[in-house]
Amino acid sequence: MDTLRFCLVGAGRAGMVHAVNVSRNIKNAQLTAIVDSNREVLEDRRRELGVEHIFTDLKEALSRDLFDAVIIVTPTFAHKDIAVQCARAKKHVFCEKPMAVHVDDAREMIDTAEARGVKLQIGFMRRFDQSFIHAKRIIENGEMGEVMIIKSVGRGPGLPPPWTYSVADSNGMLGEVNSHDFDSTRWFAGSEYKRIYVEAINRKVQKLKKDYPDFYDNAVCTLRFENGVIGTIDGTCPADYGYDGRTEILMTKGLISIGETRGEAFFTCNTDGVIKESAFKSWRNRFRDAYLEEMKSFITSVLEDKTTLVTGEDGLAAVEAVVAANESIRKGVPVEISRA
Ligand SMILES: NC(=O)c1ccc[n+]([C@@H]2O[C@H](COP(=O)([O-])OP(=O)(O)OC[C@H]3O[C@@H](n4cnc5c(N)ncnc54)[C@H](O)[C@@H]3O)[C@@H](O)[C@H]2O)c1
């Protein structure tokens, strides 16, 4: 096999990023089918992407020999059933983050993929961003000593879709937006999570309070890893001013700083001397290259039978951390994490 045939499952906001990449931007990939529970979305995507085979029913798609791998980009609560069904049908699985809502679901996804001999990669695209890769290299080669404190800022521009409002069903903002921070801090720490304490408030979307009393839109997490590294994750959504994903890693012999809010390499200056610059408006443009690179890497793992660079275990560790973080909010105490 020298080209990987894909089926996109879930053709919403993030689904389209992957759909465009595999159908137009990657040579050894082909988008041959789309599954979405919404018929109207499917018809629109067929027109936009020129994909012949569209289905509202995953089972029907799996019954035909149309693809080798799936890209799962449905709401998070649906990831587990779809991933397990696809892995059982011997399809390789690329699954968007958060891997699942519950730790047991993530474990079942890993076990099924292993049992059926298919690859499983989770969509932590930050690990394919040049600045994140550079930081990880500096940490690994030891030139700045050891990691002491990691500070990760993860703020999303707009309110995510309504299926994220219920914390019980989706793990809320910390799952939807800050899963990336939970993964990258663990990656930089080079250690498993030990303890998490979180303060959260609902400050900006108070109209959701009535129907979703546990909804929060701001959170600060204090982290401790097993190897002694400590850190914070500061999350907000909606942040209105744009997508803001910055990380600072304090080392024993220096400092690494990743990311900035400025989205364009230009500014305007008007006659009053006011300088205007623009921020990153969306995760789509901040991580455009990383989304492409993560998919290329997944394809290489399948075609060359290599372990994926972001594994199911990585996805599970982030789910564990997010679940513990929400428990900390509910109980108002630090929560210990021990690997399942
Ligand atoms: N990596 C990233 O930076 C990033 C960014 C945004 C979203 N995401 C993740 O992608 C996933 C989807 O998020 P989104 O914002 O694109 O959601 P969305 O609501 O925009 O799109 C979801 C799509 O899935 C379809 N769908 C729902 N249930 C389905 C089912 N059972 N089978 C098939 N199709 C179904 C819906 O009709 C919709 O078209 C989430 O897990 C989210 O966390 C990741």
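Coordinate-derived values only; no laboratory data. Note that the structure is predicted; figures quoted are calculated from it, not measured. Cβ: placed from backbone, ideal geometry, glycine included. Neighbour counts: every protein chain shown.
From the residues F182, H18, A318, which one has its Cα farthest along the dipole of the chain in the positive direction, the dipole being from +1 and -1 charges on Cβ of Lys/Arg and Asp/Glu about the Cα centre?
H18
For the pairs K136/K204; K151/K207; K27/K97; K204/K276; K27/K90, flag any whose C-alpha to C-alpha distance is greater than 27 Å. Each step should come with its number before you reach the end.
Working: K136/K204 34 Å; K151/K207 30 Å; K27/K97 25 Å; K204/K276 25 Å; K27/K90 23 Å.
Result: K136/K204; K151/K207 exceed 27 Å.
If a helix is a whole DSSP H run, which ones in the chain reach 24 Å or further along their own axis (Cα) and hold a mean Kyte-Doolittle hydropathy of at least -1.0?
Details: long enough: 312-331 (28 Å, 0.12).
Both cut-offs are met by 312-331.
Name the residues whose placed amide hydrogens come within less than 5 Å of the amide hydrogen of D217, ignoring near sequence neighbours (fewer than 5 apart) on the same chain.
I201, N202, R203, K204
Using only Cα atoms, locate the centre of region 148-226 and the centre of region 1-73, then give the distance between them in Å, rounded to an integer.
Here the two parts' Cα centres lie 30 Å apart.
Could you give P(r) for region 6-48, binned at 10 Å from zero, as whole percent values over all Cα-Cα pairs?
30, 60, 10
Below 18 Å, Cα to Cα, which aspartates and glutamates can K253 reach? Residues fewer than 8 away in the same chain don't count.
Partners found: E140, E143, E146.
Would you mind calculating the relative contact order of the chain from Cα pairs under 8 angstrom and at least 6 residues apart, reporting the percent as a whole number? Working shown, then result.
Numbers: 738 pairs, mean separation 66.2, N = 340.
Reported relative contact order: 19 percent.
Quick one: among G156, G190, G50, which has the greatest mean-square fluctuation in a GNM of the chain with alpha-carbon springs under 10 angstrom?
The residue that fluctuates most here is G50.
Using DSSP to call loops (not H, G, I, E or B), can you name the GluC sites (Glu not before Pro) in region 229-334 whose Cβ has at most 15 other Cβ atoms within 10 angstrom? Intermediate results must be reported in sequence, preceding the final value.
Values: sites: E248, E260, E264, E277, E293, E294, E304, E313, E320, E327; in loops: E260, E304.
Sites meeting the loop and neighbour criteria: E260, E304.
Please report the equivalent ellipsoid semi-axes of the chain, computed as sqrt(5 x eigenvalue) of the Cα gyration tensor, largest first, in whole Å.
Values: eigenvalues 192, 113, 99 Å².
Calculated on Cα positions only, the semi-axes equal 31, 24, 22 Å.
Working only with C-alpha atoms, what are the Rg and Dmax values of region 127-277, expressed in angstrom?
Computed over the Cα atoms of region 127-277, radius of gyration and Dmax are 17.5, 55 Å.
Compute the semi-axes of the equivalent ellipsoid of region 147-198, taking the square root of 5 times each eigenvalue of the Cα gyration tensor, and list them largest first in whole Å. Display every interim value, and only then the final one.
Working: eigenvalues 116, 31, 14 Å².
Rounded to whole Å, the semi-axes are 24, 13, 8.
Note down the nm distance, to one decimal, between modelled labels 7 Å out along Cα→Cβ at R330 and at N38.
3.0
For the chain, what does -39500 (n - 2.57) per DSSP helix run (n ≥ 4), summed and divided by total residues, give at 222 nm, in deg cm²/dmol to the nearest 500?
Working: 12 runs with 120 residues, N = 340.
Value at 222 nm, helices only, nearest 500: -10500 deg cm²/dmol.
With only alpha-carbon pairs counted, each pair once and no self-pairs, how large is the Kirkwood hydrodynamic radius of region 215-301 in angstroms? Display every interim value, and only then the final one.
Numbers: mean 1/r = 0.0611 Å⁻¹.
The answer is 16.4 Å.
How large is the convex hull of the Cα atoms of region 1-113 per residue, expressed in Å³ as a whole number? It would help to have the intermediate numbers written out before the result.
Numbers: hull volume 10.3 nm³, N = 113.
Given the Cα convex hull of region 1-113, per-residue volume reads 91 Å³.
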